[in-house]
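Report on one structure; see the data block that follows.
The values are calculated or read from the model by the stated rules, or taken from the named source; none is laboratory data. As the structure is a prediction and not an experimental result, all values here were calculated from the model. Cβ sites come from the backbone with ideal geometry, for glycine too, and all protein chains shown count toward neighbours. To get the accessible areas, we keep the full protein, side chains included, count just its heavy atoms, and leave off ligands, DNA and RNA. Shrake-Rupley method; radii C 1.70, N 1.55, O 1.52, S 1.80 Å.
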Amino acid sequence: MDRRNDYGYRVPTFQSKHPNGEERTGSNYRRIPWGRRPPPPRDVAILQERANKLVKYLLVKDQTKIPIKRSDMLKDVIQEYDEYFPEIIERASYALEKMFRVNLKEIDKQSSLYILISTQESSAGILGTTKDTPKLGLLMVILSVIFMNGNKASEAVIWEVLRKLGLRPGVRHSLFGEVRKLITDEFVKQKYLEYKRVPNSRPPEYEFFWGLRSYHETSKMKVLKFACKVQKKDPKDWAAQYREAVEMEVQAAAVAVAEAEARAEARAQMGIGEEPRYSFGIFVHTAA
């Protein structure tokens, strides 16, 4: 049966450790059993130091816009302090919010994938940290086509719309490069879109869906308003889509409140935000 320390973290009976501290195999980080050993003691200064390194790591990894794996954070930064992962990542999240105005968000709990989301919305209506507005504008077009077509759109329908914008498969664009690669590879790896083969289709046919990142960086209401602006219509003109968008807004608001309350409670228990001096030697002023 697992034991837990005063901060609620799991403390295993055996602390597995290789003589050199770790074994790295591919993208996985694991320890090899070696004697009976307690986990490292909770040292706030060390946990904060790991959190500082994690902040830098996340900012660099985020430049590709490919979601960041928990296993990579453990392997590359946190290492033997994996038992304190919740506190380290919470400390890193706090620093990101206060100094860089970005939020760290877990978008896939099963695969433990994280992204950084800006607190300031782009002109394209997306909360991503990328500054590539033309690509975000193209993404909003695709997301709107998917939403207005019942939350999925065939590849043929997508290309029909893109051709009207002067974009064609196999033809390199001055802003977007190879458009087919952008929408079927880059946007898919970044989790903005999902690109799936239609089951039993002969010859193979594909469909586009919203990716996990899109649900966090924008919303169906924003996408609907984007489509209405292009079509010069009112959102209520599309009754079914409007109802769905409103329902999603209500659900998202409830989830946001619950997450904020849970995070505030966790930070209070961990004492995060009480230190007068925070990471990188920068003072972070917190409310009294």
| said: Past 26 Å, Cα to Cα: identify those pairs from Lys181/Lys236; Lys135/Lys191; Lys69/Lys196; Lys152/Lys181; Lys56/Lys109; Lys69/Lys229, in the order given. | reply: Lys181/Lys236; Lys69/Lys229
| remark: Under the Karplus relation with 6.51, -1.76 and 1.60 and θ = phi - 60°, whole-Hz ³J(HN,Hα) for the stretch 197-212, x at Gly and Pro, equal 6, 5, x, 6, 6, 9, x, x, 10, 10, 10, 10, 9, 5, x, 4
| In sequence order, calculated HN-Hα J values of the stretch 52-61 (Karplus, 6.51, -1.76, 1.60; Hz; x Gly/Pro) | 4, 5, 5, 4, 4, 4, 5, 5, 6, 5
| note | Taking 0.36 nm per residue of separation between Ala45 and Gln110 and subtracting their Cα-Cα distance, the length gained on full extension comes to 20.3 nm
| message | Leaving out ligands and nucleic acids, and using a 1.4 Å probe, what accessible area per residue does the stretch 181-243 come to in Å²? | response | 59
| request: Give me the orientation-averaged projected area of the Cα convex hull of the stretch 135-229, in nm², one decimal. | output: 6.2
| Given H placed on each backbone N at 1.01 Å, which residues far from Asp108 in sequence or on other chains put an amide H within less than 5 Å of it? | Leu113
| request: Give the shape of the stretch 37-105 as rounded, prolate or oblate, defined through the alpha-carbon gyration tensor: a ≥ b ≥ c are the square roots of its eigenvalues, a/c under 1.5 means rounded, and otherwise the shape is prolate if a/b is larger than b/c and oblate if not. | output: oblate
| Pairwise FRET efficiency - Ser174 versus Ala258, Cβ, R0 = 35 Å, nearest 0.05 | 0.20
| field | Computed accessible area, Arg50, all protein chains, 1.4 angstrom probe, square angstrom | value | 30
| request: Could you list which residues have their amide H under 5 Å from that of Glu194, counting only those 5 or more apart in sequence or on another chain, with H placed in the peptide plane? | output: Phe209, Trp210, Gly211
| query | Hey, what do the phi angles of the stretch 92-105 turn into as Karplus ³J(HN,Hα) couplings, whole Hz, using 6.51/-1.76/1.60 and θ = phi - 60°, x for Gly and Pro? | reply | 5, 4, 4, 5, 4, 5, 6, 9, 10, 6, 10, 10, 8, 10
| said: I'd like the accessible area for Ser112: 1.4 Å probe, protein heavy atoms, all chains in place, Å² to the nearest 10. | reply: 30
